[in-house]
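Student: The structure under discussion is supplied below as structure tokens; questions concerning it will follow.
The values are calculated or read from the model by the stated rules, or taken from the named source; none is laboratory data. Since we're looking at a predicted model, the values are computed, not measured. Here the Cβ is made from the backbone with ideal geometry for all residues, glycine too, and neighbour counts use every protein chain on show. With ligands, DNA and RNA removed, areas are computed over all heavy atoms of the protein, side chains included. Shrake-Rupley method; radii C 1.70, N 1.55, O 1.52, S 1.80 Å.
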Amino acid sequence: MLHHRGPDDYGYYSDDSIGLAHARLSIIDISGGHQPIHDTDKNVWVVFNGEIFNYIELREELIKDGFVFYTKSDTEVIVHLYKKYGLDFVKHLNGQFAIALWDKSNKRLVLTRDRVGIDPLFYYKQGKRLYFGSEVKSILPCMKQSPSLNANSLDQLLTFWSPVVPNTLFDNVYEVKPGELTIVESGQIKHHRYWEWEYPAHGQEEYLTGDVNELAEELHEKMVAATKIRLRSDVPVAAYLSGGLDSSALVSIVHHHGNVPLRTFSIGFEDKQLDESSFQQKLIKHLGAEHSRVVCSSKNISDNFEKAIWHTESTILRTAPVPMMLLSGLVHDHQYKVVLTGEGADEVFGGYDIFKEGKIRQFWARNKDSSFRPLLLKRLYPYLDITKSNSRAYLEAFFGVGLAEPEVPYFAHLPRWSTTSKIKAFYSDDFKAKLNDDAVENIQSSFHEDIQRWHPFNKSQYIEARSLMAKYLLCSQGDRMLMSNSVEGRFPFLDHNVIEFANKLNPNLKMKVLNEKYLLKESMKRYLPDEIINRHKQPYRAPDIPAFVHEGRPDYVNELLSENEINNAGYFDHKKVGILLRKIDAGRATGYKDNMAFMAILSTQMWHHLFIKNFNRYAN
Amino acid sequence: MEIESKLRNFILENYLFTDDQSALNNEDSFLDKGIIDSTGILELIFFLEEAFSVVVEDEEMIPDNLDSVMNVVKFVESKA
């Protein structure tokens, strides 16, 4: 079931209390890194997905302490670190990981994930037995009966783009939270947080001091270190190149400091409005990289949609993950197993428009009755016609939501959450009756207890990193699409040393007035042409509805969205779905809301078809 | 002096895309010279509020207060 995550080797361990199984993608210590790995006494056993990048330093330290290694793999340091530090072992790891550690003599199982949620890990309790795995599909064969969709999780997803951690779309299946240890001992499950996104208290001068040039230099040093350590590998490492600032900066660091051949891969679109090829070409020419590119058509997206949902195991609100699967396929076809990507820079250094919009709305909230302040939104949305008499009402309707309460931590996210929630109009009455939880109250209860002490910009960053990034970008659009083709992504911007440095910066250095990723640009401008540094950020997008109507709707779309299938699944109202389909056929479904609703309904129906309706496929 | 220097650097970097101090005189009219457009003026106010902890009222958004480095410095000092 998880062959795609580990096609190179398999290993098993079992005793009276536990069974561990592992599928390996061999990257470090190709010949000797067979898992599970154990200590000298065969008392502590580990299966592990991911990378411990600082394993060389940790290994040296442990050897000095007298620990004896039988492999050269990064996995073995986990075993000895646990023996040395107990549950604190995880604090010493710089990496991306999902770890299951079995301490036989204490009958203790430790499940843990990296700090930010790069590598997935799920668990499911059935009676007295606990099952866990990197993807839910590995747990399905253990279920005695078909799983069901958790209505509240879908409701959360149709607000925040993902269920609130630790929920999944599958009822009673949970994920191990990023930055947390899940400890199973004496028949009990306990959770222990070892790392959290944290920011200084605002207004108490706790931010890093130093002038811009000094801080930019410090950031540069940290980024070089974070990138170099991620080049540690016994197989060649390549990089994704989008043409934007983040991936261009990474590729430049590899070029100047990596001492490895520069190999890059990118995705292009037939739709020129979505295509960034010209910027990719500029940088390739600038640095002289060997580059490969795959062009994604609408047909590619609709042809690969079912496969993508099988991997995401989730509803998605855009097709954007599908081209990422084609891209990892290109990497795989060129015999590469590892790529660096620029993911995380926008969350860590303040690059997204949602942060900019939040700042402008805060600026507006300082004087709610101002005639002029909301017009700054034109910086973000140039198509706003501010001369029309109804423009004020339009602005207030879309961006004025929550203006009276600028102190709420999710102030910047309210317009997005409010727009996404419009999909809920398609719920069936039966489904609505199953909802018994308020999505916003739920996510709010998961926030850090100090969040109200932080600067509004940091509050937005925190929410974005823990929700959309961890649970959609790194997961549905990240790990799942990479691993669908047995490719590992590495994320230098998400090195915890980089994050902890960035989190201590004054927010005004991340976004200077409305200049996003200001300090990052200052630190990287030594490498990059001005046109890339000053380029307006282009969000990564792929065609949504148009991907499914290019030559009439594919058969599976008609089938999944038929009255019969919609009613059988029971989540949506078939009459409303029918109206949306007629609008699409008439070419009138061009808006953001219609596209998102169509994607939500189609992907949920596909999810239902793959995992609920055809559950017997897994059970047998 | 600190207000003037911070303000000049912001205008140069954000609107004139240069660090050449000679590109901007303190008397230059932002509007006449085409340095700042209609939303740029709001961005300038945003900067003043962020950098100098002042709040600018709608009725204060007039060229006498905001149309040159000299005018802005005087205006910010008067708000302090």
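Student: Within the range A:360-376, restricting attention to residues that are closer than 19 Å to A:Glu464 by Cβ and buried (at least 23 other Cβ atoms within 10 Å of the Cβ), which residue is farthest from the other protein chains (Cβ to nearest Cβ)? Step through it out loud before you land on a result.
Tutor: Just the residues of the range A:360-376 that are closer than 19 Å to A:Glu464 by Cβ, to begin with: A:360-362.
With buried (at least 23 other Cβ atoms within 10 Å of the Cβ) added as a condition, the list becomes A:360-361.
On the way: A:Ile360: 8, A:Arg361: 12 Å.
Within the range A:360-376, the match that is farthest from the other protein chains (Cβ to nearest Cβ) is A:Arg361.
Student: Which one of these is of a type in the set (A, V, I, L, M, F, W, C) and either buried (at least 22 other Cβ atoms within 10 Å of the Cβ) or at pLDDT 95 or above (or both): A:Val295, A:Val348? Step through it out loud before you land on a result.
Tutor: Details: A:Val295 fails: either buried (at least 22 other Cβ atoms within 10 Å of the Cβ) or at pLDDT 95 or above (or both).
When all the criteria are applied, what remains is A:Val348.
Student: Moving on to the next point. In the list A:Leu58, A:Leu2, which residue meets the criterion of being of a type outside the set (Ser, Thr, Tyr), within 26 Å of A:Met325 (Cβ to Cβ) and touching a residue at least 24 places away in the same chain (Cβ under 8 Å)?
Tutor: Values: A:Leu58 fails: within 26 Å of A:Met325 (Cβ to Cβ).
Among A:Leu58, A:Leu2, only A:Leu2 is of a type outside the set (Ser, Thr, Tyr), within 26 Å of A:Met325 (Cβ to Cβ) and touching a residue at least 24 places away in the same chain (Cβ under 8 Å).
Student: Which residues, counting only those in the range A:562-595, are hydroxyl-bearing (Ser, Thr, Tyr) and within 30 Å of the chain's Cα centre (by Cα)?
Tutor: A:Tyr571, A:Thr590, A:Tyr592
Student: Applying the selection to the range A:180-230, what residues are among the hydroxyl-bearing types (Ser, Thr, Tyr) and at negative phi? So that I can check it myself, show each step before the final result.
Tutor: Initially, the range A:180-230 is screened for residues among the hydroxyl-bearing types (Ser, Thr, Tyr), giving A:182, A:186, A:194, A:199, A:207, A:209, A:227.
A:Thr182, A:Tyr194, A:Tyr199, A:Tyr207, A:Thr209, A:Thr227, listed by residue number.
Student: Provide a single number: the residues in the range A:341-383 that are part of a loop (DSSP other than H, G, I, E, B) and within 24 Å of the chain's Cα centre (by Cα).
Tutor: So the answer is 7.
Student: Also, I was wondering about something else. Name the single residue that is nearest to A:Leu375 (Cα to Cα) among those in the range B:32-80 being part of a loop (DSSP other than H, G, I, E, B) and charged (D, E, K, R).
Tutor: Taking the range B:32-80 first, the residues part of a loop (DSSP other than H, G, I, E, B) are B:32-37, B:53-57, B:61-62, B:67-68, B:80.
Next, from what is left, pick out any that are charged (D, E, K, R): B:32-33, B:37, B:57, B:67.
Values: B:Asp32: 21, B:Lys33: 22, B:Asp37: 12, B:Glu57: 15, B:Asp67: 19 Å.
Here the residue is B:Asp37.
Student: Would it be correct to say that A:Ser302 is in contact with a Pro (Cβ under 8 Å, 6 or more places away or on another chain), assigned to a helix (DSSP H, G or I) and among the small types (Gly, Ala, Ser)? Give the steps one after another, and end with the answer.
Tutor: Details: in contact with a Pro (Cβ under 8 Å, 6 or more places away or on another chain): yes; assigned to a helix (DSSP H, G or I): yes; among the small types (Gly, Ala, Ser): yes.
For A:Ser302, the condition - in contact with a Pro (Cβ under 8 Å, 6 or more places away or on another chain), assigned to a helix (DSSP H, G or I) and among the small types (Gly, Ala, Ser) - is met.
Student: Give the residue that is nearest to B:Leu44 (Cα to Cα), with candidates limited to residues of the range A:485-537 that are among the β-branched types (Val, Ile, Thr) and assigned to a loop (DSSP other than H, G, I, E, B). Break it down into steps so the answer makes sense when it comes.
Tutor: First, the residues of the range A:485-537 that are among the β-branched types (Val, Ile, Thr): A:487, A:498-499, A:513, A:532-533.
From what is left, the residues that are assigned to a loop (DSSP other than H, G, I, E, B) are A:487, A:513.
Working: A:Val487: 46, A:Val513: 9 Å.
The qualifying residue nearest to B:Leu44 (Cα to Cα) is A:Val513.
Student: Within the range A:421-458, can you find the residues that are open to solvent by 80 Å² or more (accessible area, probe 1.4 Å), assigned to a helix (DSSP H, G or I) and not acidic (Asp, Glu)?
Tutor: A:Lys422, A:Lys432, A:Ala433, A:Lys434, A:Ser445, A:Gln452, A:Arg453
Student: Restricting attention to the range A:397-417, and to residues there that are modelled with pLDDT under 90 and aliphatic (A, V, I, L, M), which single residue is least open to solvent (accessible area, probe 1.4 Å)?
Tutor: Within the range A:397-417, the match that is least open to solvent (accessible area, probe 1.4 Å) is A:Leu403.
Student: Same structure, new question: With respect to the numbered conditions (1) in contact (Cβ under 8 Å) with a residue 24 or more places away in the chain; (2) surrounded by 16 or more Cβ atoms within 10 Å (Cβ to Cβ); (3) over 29 Å from the mean Cα position of the chain (by Cα), which one is the sole condition not fulfilled by A:Phe69?
Tutor: (1) is the only condition that A:Phe69 fails.
Student: What's the number of the only condition in (1) modelled with pLDDT of 95 or more; (2) part of a loop (DSSP other than H, G, I, E, B) that A:Arg466 fails to meet?
Tutor: So the condition that A:Arg466 fails would be (2).
Student: Within the range A:549-589, work out how many residues are without any contact (Cβ under 8 Å) to a residue 40 or more places away in the chain, part of a loop (DSSP other than H, G, I, E, B) and under 24 Å from A:Ser297 (Cβ atoms).
Tutor: 5
Student: Another question about this same structure. Kindly indicate whether A:Asp479 is part of a loop (DSSP other than H, G, I, E, B), touching a residue at least 60 places away in the same chain (Cβ under 8 Å), among the acidic types (Asp, Glu) and in contact with an Asp or Glu (Cβ under 8 Å, 6 or more places away or on another chain). I'd like the intermediate steps shown before the answer.
Tutor: Values: part of a loop (DSSP other than H, G, I, E, B): no; touching a residue at least 60 places away in the same chain (Cβ under 8 Å): yes; among the acidic types (Asp, Glu): yes; in contact with an Asp or Glu (Cβ under 8 Å, 6 or more places away or on another chain): yes.
So A:Asp479 does not fit the description; no.
Student: From B:Ile36, B:Ile62, B:Ile3, grab the single residue that is β-branched (Val, Ile, Thr), closer than 25 Å to A:Asp530 by Cα and either more than 10 Å from chain A (Cβ to nearest Cβ) or in contact (Cβ under 8 Å) with a residue 40 or more places away in the chain (or both). Before the answer, list the steps.
Tutor: Numbers: B:Ile62 fails: closer than 25 Å to A:Asp530 by Cα; B:Ile3 fails: closer than 25 Å to A:Asp530 by Cα.
Exactly one residue qualifies, and that residue is B:Ile36.
Student: Among the residues of the range A:539-556, how many are at pLDDT 90 or above and more than 27 Å from the chain's Cα centre (by Cα)?
Tutor: 2
Student: So which strands (runs of 3 or more DSSP E) are wholly in the range A:100-219 and hold at least 3 residues that are under 27 Å from A:Phe572 (Cβ atoms)?
Tutor: Filter on the range A:100-219 gives A:173-175.
Student: Here's something else I'd like to know. Those residues that are part of a helix (DSSP H, G or I) and under 23 Å from B:Ala80 (Cβ atoms), I need them from the range B:13-31; list them, please. Even if it seems obvious, please write down each step before you answer.
Tutor: Looking only at the range B:13-31, we keep the residues that are part of a helix (DSSP H, G or I), and these are B:13-14, B:21-23.
Residue satisfying the conditions is B:Asn14 alone.
Student: Just wondering, is there one or more residues in the range A:487-498 that are over 26 Å from A:Arg318 (Cα atoms), surrounded by fewer than 22 Cβ atoms within 10 Å (Cβ to Cβ) and away from chain B (no Cβ under 14 Å)?
Tutor: Step one: list which residues in the range A:487-498 are over 26 Å from A:Arg318 (Cα atoms), which gives A:495-498.
Cutting the leftovers down to surrounded by fewer than 22 Cβ atoms within 10 Å (Cβ to Cβ) gives us A:496-497.
Then keep just the ones that are away from chain B (no Cβ under 14 Å); that gives A:496-497.
Yes, the conditions are met somewhere in the range A:487-498.
Student: Which residue out of B:Leu44, B:Leu24, B:Leu16 is within 14 Å of another protein chain (Cβ to nearest Cβ) and surrounded by 16 or more Cβ atoms within 10 Å (Cβ to Cβ)?
Tutor: Working: B:Leu24 fails: within 14 Å of another protein chain (Cβ to nearest Cβ); B:Leu16 fails: surrounded by 16 or more Cβ atoms within 10 Å (Cβ to Cβ).
Answer to the check: B:Leu44.
Student: Right, another one. Taking the stated definitions as given, is B:Leu31 within 11 Å of chain A (Cβ to nearest Cβ) and surrounded by 14 or more Cβ atoms within 10 Å (Cβ to Cβ)? Walk me through it before giving the result.
Tutor: Working: within 11 Å of chain A (Cβ to nearest Cβ): no; surrounded by 14 or more Cβ atoms within 10 Å (Cβ to Cβ): yes.
Answer is no for this residue.
Student: Now for a different question. Taking the conditions exactly as written (more than 30 Å from A:Leu519 (Cβ to Cβ), surrounded by fewer than 21 Cβ atoms within 10 Å (Cβ to Cβ), within 13 Å of chain B (Cβ to nearest Cβ) and free of Cβ contacts under 8 Å to residues at least 60 places away in the same chain), does A:Asp333 satisfy them or not? Please lay out each step first, then the result.
Tutor: Working: more than 30 Å from A:Leu519 (Cβ to Cβ): yes; surrounded by fewer than 21 Cβ atoms within 10 Å (Cβ to Cβ): yes; within 13 Å of chain B (Cβ to nearest Cβ): no; free of Cβ contacts under 8 Å to residues at least 60 places away in the same chain: yes.
Judged against the criteria, A:Asp333 is not a match.
Student: Right, next: Considering only the range A:501-512, I want to know if a residue exists there that is over 29 Å from B:Ala51 (Cβ atoms) and modelled with pLDDT of 95 or more.
Tutor: First, pick out the residues of the range A:501-512 that are over 29 Å from B:Ala51 (Cβ atoms): none.
So far as the range A:501-512 goes, no, none of its residues is over 29 Å from B:Ala51 (Cβ atoms) and modelled with pLDDT of 95 or more.
Student: So which of A:Thr590, A:Thr604 is of a type in the set (S, T, N, Q) and surrounded by 16 or more Cβ atoms within 10 Å (Cβ to Cβ)? Break it down into steps so the answer makes sense when it comes.
Tutor: Details: A:Thr590 fails: surrounded by 16 or more Cβ atoms within 10 Å (Cβ to Cβ).
Testing whether each residue is of a type in the set (S, T, N, Q) and surrounded by 16 or more Cβ atoms within 10 Å (Cβ to Cβ) leaves just A:Thr604.
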